[in-house]
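Since the structure comes first, as C-alpha cells, the remarks are kept for the end.
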Amino acid sequence: MSNRSELLTTKQLPEITGFSASYFEKGRIRGYGPRFIRSKSGGRTGKILYRRADVENWMSAMTCEPQGGANV
C-alpha cells in the first residue's frame with residue numbers, strides 16, 4: 001500500500017506513470033500534468049515535488065471508457 005502523502009520528484013514520475021520526465025517538465029510550463037509543489041529557496045527557482053495522491057488523481061482523471069460498437 002502506498003503512502004498517498006508521499007512526495008515525489010520529477011525523476012521518479014516516469015517509473016510510476018510511464019511518461020517521461022520531460023513530459024512533466026514541459027507540462028508545468030504549458031499547463032498540463034498533475035498539480036505540483038514548487039518550494040522556493042533564496043534566489044533559485046525552487047525544487048519541484050509532486051504529491052503521490054495528486055499524480056494518482058491526475059492519472060485517474062485521464063481514464064477513458066472504450067467506444068462501443070464493434071463486437072469483438
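The values are calculated or read from the model by the stated rules, or taken from the named source; none is laboratory data. Computed from a prediction, not measured in an experiment: that's the story for all the values here. All Cβ positions, even for glycine, are placed from backbone atoms using ideal geometry, and neighbour counts span all protein chains on display.
Only residues that are part of a strand (DSSP E or B), β-branched (Val, Ile, Thr) and either loosely packed, with under 11 Cβ neighbours inside 10 Å or out of contact with any Ser or Thr (no Cβ under 6 Å at 6 or more places or on another chain) (or both) were counted across the stretch 9-51, and they come to 1. Remark: pairs (first residue in the stretch 28-57, within 22 Å of residue 15 (Cα to Cα) and small (Gly, Ala, Ser); second residue surrounded by 14 or more Cβ atoms within 10 Å (Cβ to Cβ) and at pLDDT 95 or above; Cβ separation under 8 Å; 6+ apart in sequence or on different chains) = 33/23; 33/24; 33/27; 33/58.
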